[in-house]
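The values are calculated or read from the model by the stated rules, or taken from the named source; none is laboratory data. In this text, all values refer to a predicted model and were calculated from it rather than measured experimentally. Neighbour counts run over all protein chains shown; Cβ positions are idealised from the backbone, glycine included.
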Amino acid sequence: MNLTIPHQESYSRGELLLRTFFGWLYIGIPHGIVLAILGVVSAIITFIAFFAILFTGKYPQGMFDFQVNVLAWSMRVTARTTNLVDGYPPFAMEAPDDPVQLTVDYPETLSRGLLLLKVFFGWLYVAIPHGS
């Protein structure tokens, strides 16, 4: 996984003030609504992909691309709302001209056994380092 957010030479003070006080209104609400809907679809695709990986050992390419694109859209919005990049985030699953880029290499094969271990013991894998 590679997340690229280039450092700008200069930042717009006007955009900084606008995002600080009204970013939730003009960035957060419209993108939040779309990303919430995409999040529900993403959860459904994750459930379906689990069985696809379990039976075939492969993550279906279309499902993988959808998940990566949703994550990339979220990263573009987060970069703007945290003032890492100026400009308005594009309303698109793919934005090749945007300065914020997320790339994830497609796994050719996935371990079915590791998938099952994560399902049954994932809570332990997460709980131990986080102290829960």
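Search the range 86-101 for residues that are exposed (fewer than 14 other Cβ atoms within 10 Å of the Cβ) and at pLDDT 95 or above and pair each with any residue that is among the charged types (D, E, K, R) and part of a loop (DSSP other than H, G, I, E, B) when their beta-carbon atoms are under 9 Å apart and the residues are at least 6 apart or on different chains.
That search, which allows pairs on different chains as well, returns Ala92/Asp98.
List pairs: first in the range 1-21 and without any contact (Cβ under 8 Å) to a residue 60 or more places away in the chain, second part of a helix (DSSP H, G or I) and surrounded by 10 or more Cβ atoms within 10 Å (Cβ to Cβ), Cβ under 8 Å, 6+ apart or cross-chain?
Sorted first by the residue in the range 1-21, then by its partner, the pairs are Leu18/Tyr26.
Give me the pairs, please: first residue somewhere in the range 112-132 and of a type in the set (Phe, Trp, Tyr), second residue anywhere and surrounded by 10 or more Cβ atoms within 10 Å (Cβ to Cβ), beta-carbon distance under 8 Å, and either six or more positions apart or on two chains.
Close Cβ pairs (under 8 Å, with a partner that is surrounded by 10 or more Cβ atoms within 10 Å (Cβ to Cβ)) amount to Tyr125/Lys118.
Which of the residues that make up the range 102-129 are assigned to a loop (DSSP other than H, G, I, E, B) and either surrounded by 11 or more Cβ atoms within 10 Å (Cβ to Cβ) or touching a Gly at 6+ places or on another chain (Cβ under 9 Å) (or both)?
The answer is Val104, Pro107, Thr109, Leu110, Ser111.
For the range 82-132, how many residues meet the condition of being farther than 20 Å from Asn2 by Cα and acidic (Asp, Glu)?
Of the residues in the range 82-132, 1 are farther than 20 Å from Asn2 by Cα and acidic (Asp, Glu).
Go through Ala92, Ala72, Ala36 for me and flag whichever is touching an Asp or Glu at 6+ places or on another chain (Cβ under 9 Å) and assigned to a helix (DSSP H, G or I).
Exactly one of Ala92, Ala72, Ala36 is touching an Asp or Glu at 6+ places or on another chain (Cβ under 9 Å) and assigned to a helix (DSSP H, G or I), namely Ala72.
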